[in-house]
Every structure is written in C-alpha cells, then in structure tokens.
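The values are calculated or read from the model by the stated rules, or taken from the named source; none is laboratory data. Everything quoted here is computed from the prediction, not taken from an experiment. With ideal geometry, Cβ positions are generated from the backbone for all residues, glycine too; neighbour counts draw on all protein chains shown.
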Amino acid sequence: MGDQLLRVHNLTVSADGYGAGEGQSLERPFGHADPEALHAWAMATASFPHRVAGGSRGLDDLFVREFHRNIGAEIMGRGKFGPQSGPWTDLTWQGWWGEDPPFHTPVLVMTHHLRPSFTLSDTTFHFTDAPPAAVLEQARAAAEGRDVRLGGGTTVVRSFLEAGLVDTLHVAVAPLELGAGSRLWEDAAELEADHHHEVVPSPSGVVHHLYWRR
C-alpha cells in the first residue's frame, strides 16, 4: 500500500442521508433528487468546474479544490457512470461528461457486466467486476504513486467502508430531505467506530463531516 490513500471527496448527501433519489434515468441522473439543490454549495464556489466567473472563495471552495490534489486514479460505481443496468446494449454511451470528463486520470468503473476500456481526452475508463480490495489494488497501480479517489455513489462508498479500506472521507450534508433513494447512512455517527470524526458547519448551509481512519 505504501503511502497511497483512498480518499472520498465532496460526497454530498441529504439531511436524511441519501446521496441520490429514486428513479435514475438519462434525464434525471440523481433520480427524484434535484442535483442543483443537493450540490448548490459546490456549484457556488469559484473552483467548481466550468464556472464562467464569480463564486465564493471560502470554506466550501477549499473542499472543492481538494478534489484533485494528488489524485492519480478514481473508482466509481456503474450508477455514477451512467443510467443503464444489466448487460451493455449500447457501447456508444461513454458517461455523463461529454468529450472532456473532469477526472483527468484513469477511472475504474465497478460493474457486473464488463466492456472494453476507452479514452476521452486525458481520462481512460476501465471496467472491472473485482471486489473492493482488488479494485483498490488495480487503482493504486494505475495511480502511479498518487492517491486514489473513491468517487461514489453511496453504494460503492459503503462497500469500501465495510471492507475497512477508506482512509479519509469528506461528506457534505445538504439542508434538504429526500425520503428515499441511495443511502449512505441513517446517522453520521455510524462511522465513528473505525474513523475519527469532526463536523464543520459552513455559511452556505451545508455541514461538512470529516473522517479519517483510527
């Protein structure tokens, strides 16, 4: 393992613990959740990708900037990559992000249904059906000495937490409730058995929860 960390950044959940709503589709990547309301805190910062001008430079911006620092690879679940499930019927789908994805590193997509790797701009997507520990080893090799970011969604993050693999975790709790969907936790204290925990409220209305391995 060396000094390579597995880090979770800017994982945003509702006040009742959901990172996405029900009914994901091509038109609604977050299901019934409004992504602009859920992620308003990050989108209002100066460092949010593709912002034309303006934006805050305070606490929230600091967390947005941390997203890319010393990251050499990303791990994500299939639901973050796209709305499809089951065997691939259309290999023309290459993710939500267009020709220039925001990752700029190798990305390992966890799925039960493999497909060939492909590259867009400076991001290469690989597809793996390995368990979390094996996927992390693949990602560490691809990261070439830098850290690995665990990008989500919440189901994937929970699987790595349950395997005891997450070194640092940043969760932003937004001041809204979803009632159903993909849930990270019922209570933020659930992770304290294995991680130290600090809580930092932001003027934007979100509450940042920081965890690091005990």
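Picking from residues in region 1-23 that are surrounded by 15 or more Cβ atoms within 10 Å (Cβ to Cβ) and over 16 Å from the mean Cα position of the chain (by Cα), the one that is farthest from Lys80 (Cα to Cα) is Gln4.
Residues are listed down the side, and each one gets a yes or a no for (1) touching a Phe, Trp or Tyr at 6+ places or on another chain (Cβ under 7 Å); (2) surrounded by 13 or more Cβ atoms within 10 Å (Cβ to Cβ); (3) over 26 Å from His32 (Cβ atoms):
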| position | (1), (2), (3) |
| --- | --- |
| Trp93 | no, yes, no |
| Thr105 | no, yes, yes |
| Leu108 | no, yes, yes |
| His112 | no, no, no |
| Asp122 | no, no, yes |
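Screening Val200 against (1) of a type in the set (A, V, I, L, M, F, W, C); (2) touching a strand residue (DSSP E or B) at 6+ places or on another chain (Cβ under 9 Å); (3) in a helix (DSSP H, G or I) leaves a single unmet condition, (3).
For region 109-116, the criterion of being touching a residue at least 24 places away in the same chain (Cβ under 8 Å), part of a strand (DSSP E or B), more than 24 Å from Ala46 (Cβ to Cβ) and of a type outside the set (A, V, I, L, M, F, W, C) is met by no residue. Comparison of Ala134, Ala42, Ala130 shows that the only residue that is modelled with pLDDT of 95 or more and either farther than 25 Å from Val166 by Cβ or not in a helix (DSSP H, G or I) (or both) is Ala130. Only one of the listed residues (Phe48, Phe67) is without any contact (Cβ under 8 Å) to a residue 60 or more places away in the chain, within 27 Å of Ala188 (Cβ to Cβ) and of a type in the set (Phe, Trp, Tyr). That residue is Phe48. Within the bounds of region 97-108, is there any residue that is touching a residue at least 60 places away in the same chain (Cβ under 8 Å) and under 23 Å from Ala20 (Cα atoms)? Within region 97-108, none of the residues are touching a residue at least 60 places away in the same chain (Cβ under 8 Å) and under 23 Å from Ala20 (Cα atoms).
Taken over region 47-89, the criterion of being small (Gly, Ala, Ser), in contact with a Ser or Thr (Cβ under 6 Å, 6 or more places away or on another chain) and in a loop (DSSP other than H, G, I, E, B) is satisfied by Gly55 alone. Does Phe103 satisfy the criteria of being touching a helix residue (DSSP H, G or I) at 6+ places or on another chain (Cβ under 8 Å) and under 21 Å from Phe81 (Cβ atoms)? So Phe103 fails the test. Do you know which residues across region 1-24 are within 20 Å of Gly151 (Cβ to Cβ) and in a loop (DSSP other than H, G, I, E, B)? Met1, Gln4, Leu5, Ser14, Gly17, Gly21, Gln24, listed by residue number. Scoring Pro201 on the criteria (1) of a type outside the set (D, E, K, R); (2) free of Cβ contacts under 8 Å to residues at least 40 places away in the same chain; (3) crowded, with 17+ Cβ neighbours inside 10 Å; (4) closer than 22 Å to Asp60 by Cα leaves a single failure, condition (3).
Criterion applied to Gly82, Gly95 was being of a type in the set (Gly, Ala, Ser) and touching a helix residue (DSSP H, G or I) at 6+ places or on another chain (Cβ under 8 Å), and the one residue passing it is Gly95. Inspect region 156-165 for any residue being within 30 Å of Asp60 (Cβ to Cβ), surrounded by fewer than 15 Cβ atoms within 10 Å (Cβ to Cβ) and free of Cβ contacts under 8 Å to residues at least 24 places away in the same chain and give the result as yes or no. Yes; the residues of region 156-165 include at least one that is within 30 Å of Asp60 (Cβ to Cβ), surrounded by fewer than 15 Cβ atoms within 10 Å (Cβ to Cβ) and free of Cβ contacts under 8 Å to residues at least 24 places away in the same chain.
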